[in-house]
Amino acid sequence: MPSDDVPQRKIVHIDMDAFYASVEQRDNPGLRGRPLIVAWRGKRSVVCAASYEARAFGVRSAMPALRAERLCPEAIFVPPDFPRYQAVSRKVREIFARHTDLVEPLSLDEAYLDVTSTKISLPTATATARAIRAAIRAETALTASAGVAPNKFLAKVASDWNKPDGLFIIRPHQVDAFVARLPVARIPGVGRVMQRKLAKLGVTTCADLRELDVEVLERYFGSWGRRLSALAHGVDQRPVQTERPTVQISSEDTFAEDLTLVQIEPHLQRLALKTWQAYTRERIRHPDRFAHTVVLKLKTNQFRVLTRQLTLSHAPTSPEQLASIACALRERVHLPISTRFRLAGVGLSGFSCACTNTEQEDLFNTHI
């Protein structure tokens with residue numbers, strides 16, 4: 001609980017409704033009210049976004065486009081236009097900035113705002129959320145849903161409560177009872193696999209989670225178990241961060257045709273160079289931060305996703321080293337040699353401010 005001399009935070013989470021699809025429907029009246037899928041057609045494509053009309057058929061983001069087409073044969077496919085979406089996102093962020101400087105964008109279509117103290121003298125956080133939603137509607141002809149709560153976890157849950165075009169408020173005195181009834185599936189980060197694991201422990205709600213000792217949750221889920229316990233009590237002390245520290249830099253690509261592990265090597269080299277260029281730009285902005293973990297991501301032609309990673313005592317110093325380590329990580333993929341892959345990615349993570357590269361160890365001798 002906050003101390004007496006620290007004001008209770010007032011957090012708003014804004015989430016644009018079916019953002020990419022809504023922009024397309026706004027700009028093309030012929031698409032309004034019709035099932036719309038933002039994606040390139042073809043067996044290699046995935047859904048970037050779906051209108052609510054398409055979602056009614058079970059279409060979801062990141063779904064293979066072919067599956068989406070089978071679920072909704074009448075859907076209209078529109079290729080994504082990211083520069084247009086980015087322009088709208090900038091306009092929405094300008095609206096946020098009128099109310100507070102404490103804005104933490106999560107993506108083009110959602111953000112946290114700390115409105116404990118605002119630039120415009122509105123009486124409550126709820127009034128601020130209403131004003132922001134009204135401005136978004138008036139200036140972009142789009143709708144946004146908002147959640148208002150004492151912390152980021154609850155604000156995000158709340159913004160999804162009355163979608164689309166909804167507003168939901170969780171006041172401080174309501175937190176305990178609200179969270180107790182909350183299904184664990186509503187906790188951000190708890191997917192289907194985690195839900196099954198929790199169900200085996202007899203957990204389906206946050207009230208159930210509260211019955212388990214932190215030590216038990218840590219034994220099953222590591223550090224995430226401790227956070228689960230805190231969230232089950234409605235506790236989230238994370239501040240809104242106006243500049244979120246980089247967690248991972250990566251590049252990935254879907255191949256024109258499925259390839260074997262051997263065949264993807266030149267693609268890994270190309271992706272490593274692309275990742276290194278992005279890493280170099282990050283180092284210019286933050287010269288004291290180094291990445292120590294190399295990540296290899298693969299997706300089989302059966303859509304199984306695998307990641308392999310190696311954490312080094314010294315950060316890589318060249319794109320060639322990054323590519324070599326990524327290629328070597330293929331040795332950890334214990335699948336039949338005939339397995340084919342539709343996607344690969346190369347990333348850098350494990351950022352730290354402490355790194356001594358004056359005597360770089362031979363990374364090629366590091367055990368893979």
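Screening region 78-126 for residues that are surrounded by 18 or more Cβ atoms within 10 Å (Cβ to Cβ) and of a type in the set (D, E, K, R) and picking the one that is farthest from VAL23 (Cα to Cα) gives ASP114.
Determine which member of the set PHE178, PHE153, PHE168 is in a helix (DSSP H, G or I), closer than 17 Å to LEU113 by Cβ and either aromatic (Phe, Trp, Tyr) or modelled with pLDDT under 95 (or both).
Numbers: PHE178 fails: closer than 17 Å to LEU113 by Cβ; PHE168 fails: in a helix (DSSP H, G or I).
Within the list PHE178, PHE153, PHE168, the selection yields PHE153.
With the checklist (1) assigned to a helix (DSSP H, G or I); (2) closer than 14 Å to ASP17 by Cα; (3) not hydrophobic (A, V, I, L, M, F, W, C) in hand, flag the one item SER145 doesn't pass. Only one criterion is unmet by SER145, namely (1).
Of the residues making up region 127-146, those that are surrounded by fewer than 20 Cβ atoms within 10 Å (Cβ to Cβ) and touching a residue at least 12 places away in the same chain (Cβ under 8 Å) are ARG130, ALA131, ALA135, GLU139, THR140, ALA141, THR143. Residue count for region 121-144 under the criterion of being in contact with a Ser or Thr (Cβ under 8 Å, 6 or more places away or on another chain), among the charged types (D, E, K, R) and more than 17 Å from PHE168 (Cα to Cα): the result is 1. A single entry from HIS367, HIS314, HIS334 fulfils the requirement of being modelled with pLDDT of 70 or more and either under 29 Å from LEU259 (Cβ atoms) or outside the structural domain of HIS267 (by TED's automatic domain parsing) (or both): HIS334.
For region 42-67, a residue qualifies if it is among the charged types (D, E, K, R), under 17 Å from PHE19 (Cβ atoms) and not in a loop (DSSP other than H, G, I, E, B), and the qualifying residues are GLU53, ARG55. Report whether or not HIS267 is more than 23 Å from MET63 (Cα to Cα) and not in a loop (DSSP other than H, G, I, E, B). Answer is yes for this residue.
Residue count for region 13-41 under the criterion of being within 22 Å of the chain's Cα centre (by Cα), surrounded by fewer than 24 Cβ atoms within 10 Å (Cβ to Cβ) and not in a helix (DSSP H, G or I): the result is 3. Name the single residue, out of those in region 266-295 being among the β-branched types (Val, Ile, Thr) and farther than 17 Å from ARG308 by Cβ, that is surrounded by the most Cβ atoms within 10 Å (Cβ to Cβ). Here the residue is THR280. Residue pairs whose Cβ atoms lie under 7 Å apart, sitting 6 or more positions apart in sequence or on different chains, and linking a residue in region 28-52 that is under 15 Å from LEU142 (Cα atoms) to a partner that is surrounded by 14 or more Cβ atoms within 10 Å (Cβ to Cβ) and among the acidic types (Asp, Glu), are LEU31/GLU24; GLY33/GLU53.
Mind checking which residues of region 232-247 are polar (S, T, N, Q) and buried (at least 16 other Cβ atoms within 10 Å of the Cβ)? Listed by number, the list holds a single entry, THR246.
Condition check ((1) without any contact (Cβ under 8 Å) to a residue 24 or more places away in the chain; (2) surrounded by fewer than 17 Cβ atoms within 10 Å (Cβ to Cβ); (3) out of contact with any strand residue (DSSP E or B) (no Cβ under 9 Å at 6 or more places or on another chain); (4) acidic (Asp, Glu)) across all residues:
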position: CYS206; (1), (2), (3), (4): no, no, no, no
position: ARG210; (1), (2), (3), (4): no, yes, yes, no
position: TYR220; (1), (2), (3), (4): yes, yes, yes, no
position: ALA230; (1), (2), (3), (4): yes, yes, yes, no
position: ILE249; (1), (2), (3), (4): no, no, no, no
position: THR260; (1), (2), (3), (4): no, yes, no, no
position: ILE264; (1), (2), (3), (4): no, no, no, no
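The residue that is nearest to the chain's Cα centre (by Cα), among those in region 254-312 that are under 25 Å from LEU335 (Cβ atoms) and small (Gly, Ala, Ser), is ALA272.
Scanning region 291-306 for residues that are more than 19 Å from PRO336 (Cβ to Cβ) and either among the β-branched types (Val, Ile, Thr) or touching a helix residue (DSSP H, G or I) at 6+ places or on another chain (Cβ under 8 Å) (or both) returns ALA291, THR293, VAL294, VAL295.
The values are calculated or read from the model by the stated rules, or taken from the named source; none is laboratory data. As the structure is a computational prediction, the values presented were derived from the model and not from experiment. Don't worry about glycine lacking a Cβ; one is built from the backbone with ideal geometry, like all the others, and counts go over all protein chains shown.
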